[in-house]
Amino acid sequence: MSKKIYLSPSSQPANMYAVGNVSEQEMCRKIASVLKTELDRCGFTTYAGMSGTMYTRASESDKYGVDLHLPIHTNACNGNVSGLRIMVNKMGGEAEKIAQAIMDTLAPITPCKSDGISAMPSLYEIKATDAICVYLEVGFHDNAEEARWIIDHPNEIAAAIAKGLCNHYGVKYVATGSSV
C-alpha cells in the first residue's frame with residue numbers, strides 16, 4: 001500500500017517576495033503542484049490543499065487519513081536571514097527521520113546555509129493534524145538572493161523534496177521523463 005501524503009502550501013497571498021512581484025502563497029502552491037506530480041509519479045497517493053487555510057487543511061488531511069502532513073512555506077525576518085528550516089513536533093521520532101531525509105536532499109541545492117531541524121510543537125499544523133507533520137520553510141522570501149532562487153527553482157525544490165521522501169520510505173525515485 002502506498003503512503004498517503006498531504007501537501008499544505010502557504011495560504012498567505014499578502015507575504016510578498018523581496019523580488020519578482022510574487023507572493024509566498026503563489027510560490028508555495030507552485031512548489032506543491034510540482035511536488036504532487038513528482039510524488040504521484042513515484043507511487044505515492046498525494047493530496048494538495050490548494051484552497052482554504054491551514055485550519056481547513058488540517059481537518060482535510062485528517063479526513064484523508066494521510067501518513068504525512070507536509071506544510072510548505074517560505075519565511076521572513078529582516079531581509080538578512082536565510083536558509084532552509086524544517087520543524088517537527090519533537091526530536092528523536094519518525095518526523096525527525098523524515099525531516100532529515102528531506103534536509104539531506106534539499107539543503108545541498110539551496111544557495112544559503114540551512115538552519116536545520118528543530119522541534120516546534122506549537123505550530124498549528126504540527127499540533128492539529130493526526131498524521132506525522134514535517135513543516136518546511138524552504139527559505140526566506142524577504143532575502144533577495146533566496147527569494148530569486150526560490151522563484152527560479154520551484155521544480156528543483158519539489159524534486160529534492162520528492163527524492164528525500166522516496167529515500168525515507170524506500171521508494172524508487174522516478175525522474176520526469178522516465179518510463180515507470
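Each reported figure results from applying straightforward, stated rules to the coordinates on display, with no laboratory input. From a predicted model like this one, the values you see are computed outputs, not experimental measurements. All Cβ positions, glycine included, derive from the backbone under ideal geometry; neighbour counts span all protein chains shown.
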Quick one: if you take sqrt(5λ) for each eigenvalue of the C-alpha gyration tensor of segment 65-116, what semi-axes come out, biggest first, whole angstrom? 22, 13, 10
Once you sort the root eigenvalues of the Cα gyration tensor of the chain as a ≥ b ≥ c, which label holds: rounded (a/c under 1.5), prolate (a/b larger than b/c) or oblate (the other case)? rounded
Per 10 angstrom bin, beginning at 0 and ending with the bin that holds the maximum distance, the Cα pairs of segment 1-44 fall in percents of 28, 41, 21, 9, 0
For S114, net neighbour charge (Lys/Arg +1, Asp/Glu -1) across residues whose Cβ lies under 12 Å away: -2
With the convex hull built on the alpha-carbon atoms of segment 101-180, volume per residue in Å³ sits at 119
Which value in deg cm²/dmol, rounded to the nearest 500, describes the helix-derived mean residue ellipticity at 222 nm for the chain, given -39,500 (n - 2.57) per DSSP H run of n ≥ 4 and division by the residue count? -12500 deg cm²/dmol
Pick from I161, I98, I109: which is most flexible by mean-square fluctuation in a GNM of the chain where alpha carbon atoms under 10 Å apart are linked? I109
Taking K4 as the anchor, which aspartates and glutamates have their alpha carbon closer than 16 Å to its alpha carbon, excluding any fewer than eight residues away along the same chain? E38, D40, E60, D62, D67, E94, D130
Do any trypsin sites (Lys or Arg not before Pro) in segment 79-119 lie in a DSSP loop with no more than 12 other beta carbon atoms within 10 Å, and if so, which? K90, K113
So for the pair E156, K97, with labels modelled 7 Å out along Cα→Cβ, what separation do we get in nm? 3.0
Residue span V19 to R41: 0.36 nm per residue of separation minus Cα-Cα distance leaves a gain in nm of 4.7 nm
